[in-house]
Amino acid sequence: MSNILLIDAVMGFDFEEIAGREDYFKQEFTTIGMSDDDAIGQWLRAAKAKGDTSESDPVVLHLIVELYRKMDRLENLILGNMPTRIPLLNHTEIVKIGLEHFELAESVLDVSKSYYGRLDLPTHPQRETAFYFEALTPKLAKIVQIHTKASNEWCMYMRARERMMIRQLKGLE
């Protein structure tokens, strides 16, 4: 455990011990992992596959898709169609992250127990991320299951925080 690289990154975090209730959390975990499988995401993948987006600016296209998703979320919020999430029993802050590990602000974990957690990853666009993890110490945990896209975003966020920390140490920021 001594060679685990952790970078400062503070974000709110909800979690709960699994304690034999895998099926209870499984549906939400799957639903959150399929968040990009909405109508606009399917349309965009089909358009890319047909080559219809080859002359489009990818950044502008990405921003338009995210604006559409935001409007869709606002419409669902107004109409009361927001997806309900499992109320998780515990809330704390993650204070450091690594590629597969994270550290909590408080010593609230039971060593070797498995947990389900959920957070909003502070990226653009902000993404709700769910994962299963195991406690290594009362504060340190290892992610044991996360969706591939969420894992990629987690790693990109961690590396961005690492680059920012390096720039601060060099006095560039």
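Just need the relative contact order of the chain here, percent rounded to a whole number, with Cα pairs under 8 Å and 6+ apart. Reported relative contact order: 30 percent. A Gaussian network model of the chain, with springs between Cα atoms under 10 Å, assigns the largest mean-square fluctuation among 104, 121, 44 to 44. Under 5 Å from the amide H of residue 127 lie the amide H atoms of 121, each residue being 5 or more positions distant or on a separate chain, with H modelled from the backbone and absent for Pro and chain starts.
Can you tell me how much longer the chain between residue 99 and residue 78 gets when fully stretched, taken as 0.36 nm per residue apart minus their C-alpha distance, in nm with one decimal?
Details: separation 21, 0.36 × 21 = 7.56 nm, distance 3.70 nm.
Net length gain for the segment: 3.9 nm.
The packing ranking of peptides 74-80, 15-21, 59-65, highest mean first, is 15-21, 59-65, 74-80, where packing means the average number of other beta carbon atoms within 10 angstrom of each residue. Within the set [x] 39; [y] 46; [z] 35, the number that percent of Cα pairs over 24 Å apart takes when calculated for this structure is listed as [y]. Mean-square fluctuations from a GNM of the chain, with a 10 angstrom spring cutoff on Cα atoms, peak among 84, 31, 137 at 84. The C-alpha atoms of the chain define a longest principal axis, and helix 22-33 lies at about 40 degrees to it.
Just so you know, all these numbers are worked out from the coordinates, no wet-lab data involved. Please read all numbers here as calculations on a predicted model, not as lab measurements. Heads up, the Cβs are rebuilt from the backbone with ideal geometry, glycines too, and the neighbour counts pull from every protein chain shown.
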